[in-house]
Amino acid sequence: MKSWQDLGFEIEITKDESPTLRLLQSLDPAKAFGESMHHSGGASIETTHLYGNVAAEILTKIQKPHFMVVGLGLGYIEMNIAREAIKRGCSVGLITSYEAIPELSEFFIQWLHDRAGNLSPEVSSVYDQALMHVLKGTEISENQIKSFLKDHFQTVADIHGPLHADVQFVSRYHGFFYDAYSSKTHPHLWEEDFLNRLLRESAEPYCLLTTYAVKGTLKRALKNNGFSITEREGFFTKRGSTLGVRASGVS
Ligand SMILES: C[S@@+](CC[C@H](N)C(=O)[O-])C[C@H]1O[C@@H](n2cnc3c(N)ncnc32)[C@H](O)[C@@H]1O
């Protein structure tokens, strides 16, 4: 049974007490510390601020929306989508999640389907804690979230591998949750040509894109594809974050 350490991560408890994972070694050789999946100010609060609230907005406008998540990580975004849909009694048409590290997809599926015997206790406990924080302040149960997500993620084959530069998109989406590292290992994710293709080939006319990042290439691609850009406050010490909105035909 693999541990977080075997995958090159350590557990970090953030300021809202929700857990995240930090890389033991940085992707950027110039940096002394490994990147964390979330801001130390609060993994759960940050996810709601950047992604959960946007899922809620889309769910109020579109029936059975399609969501793309780039970077499954611990699955906080998927849990947020489920929470917002359950709150409103809505269905979600499709969640297409991409994840570069196969074990993260495998762990998530094992945990979701309650196969704790296939996971080390420290691994399942991180998912349990994450879900507990996602559900804070709601009446929704852990089983409701799991059952909702199980319909979308039955096996590990339902989670896509890395989002490659030459990806063939499998659908069109109303929401993009763009949460991969701004890493040196997958630079195409933030290149203007790739972002233009992503939006041209896989965005629905009504579409929102949200990300923790602020990048000129992304802003230009959003503008090129008819999105307006809302400057949002960054989370805690972050300098900003990007929300692109193309509200064609929907008020
Ligand atoms: C910031 S973390 C995501 C946190 C996650 N959204 C959550 O809610 O827990 C970034 C994730 O993106 C993944 N990643 C990096 N490059 C990727 C790519 N090209 N395609 C898909 N996932 C990628 C990493 O392995 C990592 O799990």
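The values are calculated or read from the model by the stated rules, or taken from the named source; none is laboratory data. None of the values given here were measured: they were computed from a predicted structure. A quick note on method: Cβ atoms are made from the backbone with ideal geometry, for glycine too, and the neighbour counts reach across all protein chains shown.
State yes or no: is GLU78 within 9 Å of the ligand (Cβ to nearest atom), outside any strand (DSSP E or B) and among the charged types (D, E, K, R)?
Against the criterion (within 9 Å of the ligand (Cβ to nearest atom), outside any strand (DSSP E or B) and among the charged types (D, E, K, R)), GLU78 qualifies.
Filter the stretch 200-251 down to the residues that are more than 21 Å from the chain's Cα centre (by Cα) and part of a loop (DSSP other than H, G, I, E, B), then identify the one that is surrounded by the most Cβ atoms within 10 Å (Cβ to Cβ).
ASN225
Conditions tested, residue by residue: (1) in contact with a strand residue (DSSP E or B) (Cβ under 8 Å, 6 or more places away or on another chain); (2) touching a residue at least 24 places away in the same chain (Cβ under 8 Å); (3) within 11 Å of the ligand (Cβ to nearest atom); (4) of a type in the set (D, E, K, R).
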| site | (1), (2), (3), (4) |
| --- | --- |
| ALA32 | no, no, no, no |
| GLY41 | no, yes, no, no |
| TYR51 | yes, yes, yes, no |
| ALA55 | yes, yes, no, no |
| LEU59 | no, yes, no, no |
| VAL69 | yes, yes, yes, no |
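Restricting attention to the stretch 207-216, does a residue exist that is hydroxyl-bearing (Ser, Thr, Tyr) and at pLDDT below 95? Let's see the steps before the verdict.
So in the stretch 207-216, the residues hydroxyl-bearing (Ser, Thr, Tyr) come out as 210-212.
Filter once more, keeping what is at pLDDT below 95: 212.
So far as the stretch 207-216 goes, yes, one or more of its residues are hydroxyl-bearing (Ser, Thr, Tyr) and at pLDDT below 95.
Please determine, by comparing only the residues of the stretch 167-190 that are within 12 Å of the ligand (Cβ to nearest atom) and over 17 Å from the mean Cα position of the chain (by Cα), which one is surrounded by the most Cβ atoms within 10 Å (Cβ to Cβ).
VAL167
Just one of (1) within 16 Å of GLN154 (Cα to Cα); (2) part of a helix (DSSP H, G or I); (3) near the ligand (Cβ under 10 Å from one of its atoms) trips up ALA130, so point out which.
(1)
Among the listed residues SER97, SER91, SER105, which satisfies the condition of being in a loop (DSSP other than H, G, I, E, B), among the hydroxyl-bearing types (Ser, Thr, Tyr) and either without any contact (Cβ under 8 Å) to a residue 40 or more places away in the chain or within 13 Å of the ligand (Cβ to nearest atom) (or both)?
SER91
For ILE86, are the conditions met, namely being farther than 24 Å from LEU163 by Cβ, away from the ligand (no atom under 13 Å from the Cβ) and surrounded by 15 or more Cβ atoms within 10 Å (Cβ to Cβ)?
yes
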